[in-house]
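Asker: Here it is, the structure in full.
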Amino acid sequence: MKNPIHFTALKTIWIKECTRFLRIWVQTLVPPAITMTLYFIIFGSLIGSRIGEMGGVSYMEFIVPGLIMMSVITNAYSNVAASFFSAKFQRNLEEMLVAPVSNITIILGYVGGGVARSLIVAVIVTIVSGFFVELNIQSYGMIIITVLLTATLFALGGLLNAMFAKTFDDISIIPTFVLTPLTYLGGVFYSITLLPDFWQAVSQVNPIIYMVNGFRYGFIGVSDIAPTVAIGVLVIFNLAFFVLAWWLLRRGTGTRT
Amino acid sequence: MTNALEIKGLRKIYRGGLVALKGVDLIVREGDFYALLGPNGAGKSTTIGIISSLVNKTEGSVKVFGYDLDTHINEVKQHIGLVPQEFNFNQFETVEQIVVNQAGYYGVSRKLARERAEKYLTQLGLWEKRDDRARTLSGGMKRRLMIARALLHEPKLLILDEPTAGVDIELRRSMWEFLTRINKQGVTIILTTHYLEEAEMLCRNIGIIDKGQIIENTTMKSLLGKLNIETFVLDLESSEKAPDIKSATARIIDDHTIEVDVAKSAGLNSVFNELSEQGIKVLSMRNKANRLEELFVNLVEQGRETKEQA
């Protein structure tokens, strides 16, 4: 087993992760569908009809990509954070640590589980949105690349959070105090061109801006950020998070004594 | 014969300065059934943690079937099956999922893992429970599940950290039979336990660790040979006069029972002769205390006294 990736082990971790979120589908797959339906009704239909157009399309059409992306971010993050931390807490992570499973395999397995859940949720939310608005797709490639890179990035984020976490509170602090504000301020509900220059500049530091805009570009062909820049930023963040996760796992931070 | 495990100069200093291991040297031969005993906090679990790569060592070397932990960690892991002290499986997974997944981590295909799951779960009396969630199992079943899980990749060295803690005697005996059987099939076993009669019954060799150091490493036979005096409890047929024994130290417990301390060299014949001459019939006889337990306590105490004097 000299390869950095052990495929049987990777498949096992991935199946285990998918089995976990499918077993508790009422907690993992149903809530995003309900939440997003409420967003579509309240912000899209009720309030949106009074707002008019944004970015050259109806407000409903404008917010749908952002809301899908919001579900992807939240689910990718929370899936890995909860699963990895509970494996640490119940100590069943040791099952992997005593076996000849490379650290890269462990990362890919958990991230793969998070990505799978977030993609299923994305499909559910997209289907729900179909009841409210007719979606036009400008670039399938852009949609697929952005959603995959975003899901992977936040799955890695969840993994990093879980590695450092010592209590269940620790895996809810980042989503509550960092992820939610960044998502709401990440251009899901508005175009950043509406902001004063100073806040537009500040918004450029928020990585979620790039994801939401890159994804929205795939649907409506309009974006506040150039698509290549959006993808570039996502790739850089993904690489940085992956290397950090690998280094921490190799060091045994939060996992070995 | 190959060494299943070879530990040299193993030291572990935890963050915060606690010295858990002070230079442990240990050799376990292939095919052995080895007992690693020691009081709580002696360093048993740390040693096992390092061998199974859950704990990073500070210094020293560990080799498993000739593979060095530092340079061939995957080969070392592939050879070891670990049954930890505490339940560490996902309580929400089914019995079969737990063992099949564990095999997958070792590179065993799901098809082969399912076949082996049936074999080991059947042998350990858990096949009927394969679709039950782990949290619904009894304590004894959970212990057996951890043994099955450790065997699915068919390791050559099985390490059991107090596998029978909290298990009733009937189940404990069936686990002993199972472990003896797989040992005979060629699996080297290292066992830590607090039930010293368990070690005495199962193991051929024994190591005693205290305060991070091995204070005894020998065969069970030679260790038990160190015990010079044994205490026997004799149940007697009631007689009018109290028994008078001169060949050994005897204590009268009640009208029917006496305790006799017998030097190994002296034997029991003289005691029986004396009782026969007095017309007292011995109905039954048993060991008062577990012999190994006595030795264990003596060795640990002696070791501590020596260190204090030094």
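The values are calculated or read from the model by the stated rules, or taken from the named source; none is laboratory data. Keep in mind it's a predicted model, so treat the numbers as computed, not measured. Here the Cβ positions follow ideal geometry from the backbone for every residue, glycine too, while neighbour counts run over all protein chains shown.
Asker: If a residue counts only when it is within 14 Å of chain B (Cβ to nearest Cβ), which helices (runs of 4 or more DSSP H) contained entirely in the range A:193-257 have at least 1 such residues?
Answerer: Helices (runs of 4 or more DSSP H) meeting the threshold: A:227-251.
Asker: Return yes when A:Leu179 is under 18 Å from A:Gly114 (Cβ atoms) and at pLDDT 90 or above and no when it is not.
Answerer: Answer is no for this residue.
Asker: Here is a further query. Please report, ordered by residue number, the helices (runs of 4 or more DSSP H) entirely within the range A:12-51 with at least 1 residues that are within 19 Å of the chain's Cα centre (by Cα).
Answerer: Of the helices (runs of 4 or more DSSP H) lying wholly inside the range A:12-51, those with at least 1 residues that are within 19 Å of the chain's Cα centre (by Cα) span A:25-28, A:30-39.
Asker: Let me ask something additional. Can you confirm whether the range A:12-35 contains a residue that is within 14 Å of chain B (Cβ to nearest Cβ) and among the small types (Gly, Ala, Ser)?
Answerer: No, because not a single residue in the range A:12-35 is within 14 Å of chain B (Cβ to nearest Cβ) and among the small types (Gly, Ala, Ser).
Asker: Can you tell me which of (1) modelled with pLDDT under 80; (2) surrounded by 14 or more Cβ atoms within 10 Å (Cβ to Cβ) is the one B:Leu236 doesn't meet?
Answerer: Exception for B:Leu236: condition (1).
Asker: Return the total of residues in the range B:97-107 being in contact (Cβ under 8 Å) with a residue 24 or more places away in the chain, within 7 Å of another protein chain (Cβ to nearest Cβ) and out of contact with any Pro (no Cβ under 9 Å at 6 or more places or on another chain).
Answerer: Of the residues in that region, 1 qualify.
Asker: Mind listing just one residue for me: the one in the range B:115-142 that is touching a Phe, Trp or Tyr at 6+ places or on another chain (Cβ under 8 Å) and outside any loop (DSSP other than H, G, I, E, B) and, of those, farthest from the other protein chains (Cβ to nearest Cβ)?
Answerer: In this case the residue turns out to be B:Gln123.
Asker: From (1) out of contact with any strand residue (DSSP E or B) (no Cβ under 7 Å at 6 or more places or on another chain); (2) in a loop (DSSP other than H, G, I, E, B), pick out the condition that doesn't hold for B:Pro155.
Answerer: (1)
Asker: Something else now. If a residue has to be over 22 Å from A:Pro181 (Cβ atoms) and either free of Cβ contacts under 8 Å to residues at least 12 places away in the same chain or in contact with an Asp or Glu (Cβ under 9 Å, 6 or more places away or on another chain) (or both) to count, how many in the range A:237-254 make the cut?
Answerer: The total comes to 5.
Asker: Any residue at all in the range A:240-255 that is closer than 30 Å to B:Lys12 by Cβ, β-branched (Val, Ile, Thr) and buried (at least 20 other Cβ atoms within 10 Å of the Cβ)?
Answerer: There is at least one residue in the range A:240-255 that is closer than 30 Å to B:Lys12 by Cβ, β-branched (Val, Ile, Thr) and buried (at least 20 other Cβ atoms within 10 Å of the Cβ).
Asker: Can A:Ala9 be described as touching a residue at least 40 places away in the same chain (Cβ under 8 Å), buried (at least 23 other Cβ atoms within 10 Å of the Cβ), within 14 Å of another protein chain (Cβ to nearest Cβ) and in a helix (DSSP H, G or I)?
Answerer: Yes; evaluated as a whole, the condition is true for this residue.
Asker: Something else about it: Can you spot a residue in the range B:210-229 that is in a helix (DSSP H, G or I), over 30 Å from B:Lys22 (Cβ atoms) and touching a helix residue (DSSP H, G or I) at 6+ places or on another chain (Cβ under 8 Å)?
Answerer: No, the range B:210-229 contains no residue that is in a helix (DSSP H, G or I), over 30 Å from B:Lys22 (Cβ atoms) and touching a helix residue (DSSP H, G or I) at 6+ places or on another chain (Cβ under 8 Å).
Asker: Test A:Glu61 against the stated conditions and say whether it is charged (D, E, K, R), away from every other protein chain (no Cβ under 14 Å) and assigned to a helix (DSSP H, G or I).
Answerer: Against the criterion (charged (D, E, K, R), away from every other protein chain (no Cβ under 14 Å) and assigned to a helix (DSSP H, G or I)), A:Glu61 qualifies.
Asker: Filter the range B:84-96 down to residues that are at pLDDT below 95 and surrounded by 21 or more Cβ atoms within 10 Å (Cβ to Cβ) and give me whichever is farthest from the other protein chains (Cβ to nearest Cβ).
Answerer: Of everything passing the filter in the range B:84-96, B:Pro84 is farthest from the other protein chains (Cβ to nearest Cβ).
Asker: Right, here's the next one. How many of the residues in the range B:254-310 are among the aliphatic types (A, V, I, L, M), over 22 Å from B:Lys221 (Cβ atoms) and modelled with pLDDT under 80?
Answerer: So the answer is 1.
Asker: Consider the range B:158-168. How many of its residues are outside any strand (DSSP E or B) and within 15 Å of the chain's Cα centre (by Cα)?
Answerer: Count: 6.
Asker: Looking at B:Asn40, B:Asn74, B:Asn56, which is the one that is in contact with a Pro (Cβ under 8 Å, 6 or more places away or on another chain), surrounded by fewer than 20 Cβ atoms within 10 Å (Cβ to Cβ) and either within 10 Å of chain A (Cβ to nearest Cβ) or within 16 Å of B:His194 (Cα to Cα) (or both)?
Answerer: Only one candidate qualifies: B:Asn74.
Asker: Here are some residues: B:Ser109, B:Ser174. Which one is closer than 30 Å to A:Ile15 by Cα and at pLDDT below 95?
Answerer: None of the other options fit; the residue is B:Ser109.
Asker: Give the residue that is nearest to the other protein chains (Cβ to nearest Cβ), with candidates limited to residues of the range B:59-71 that are crowded, with 17+ Cβ neighbours inside 10 Å and either assigned to a loop (DSSP other than H, G, I, E, B) or polar (S, T, N, Q) (or both).
Answerer: In this case the residue turns out to be B:Leu69.
Asker: Oh, and also: Can you tell which of A:Glu94, A:Glu53 is of a type in the set (D, E, K, R) and at pLDDT below 90?
Answerer: A:Glu53
Asker: Those residues that are under 19 Å from A:Glu95 (Cα atoms), in contact with a Leu (Cβ under 7 Å, 6 or more places away or on another chain) and either among the charged types (D, E, K, R) or modelled with pLDDT of 95 or more (or both), I need them from the range B:121-144; list them, please.
Answerer: B:Arg130, B:Arg144
Asker: Of all residues in the range B:15-42, how many are at pLDDT below 90 and not in a strand (DSSP E or B)?
Answerer: Total satisfying the criteria: 9.
Asker: Further, regarding this structure: Filter the range A:152-202 down to residues that are of a type in the set (Ser, Thr, Tyr), touching a residue at least 24 places away in the same chain (Cβ under 8 Å) and within 27 Å of A:Ile106 (Cα to Cα), then give me how many there are.
Answerer: 1
Asker: For the range A:50-80, name all the residues that are more than 18 Å from A:Val123 (Cα to Cα) and of a type in the set (S, T, N, Q).
Answerer: A:Ser58
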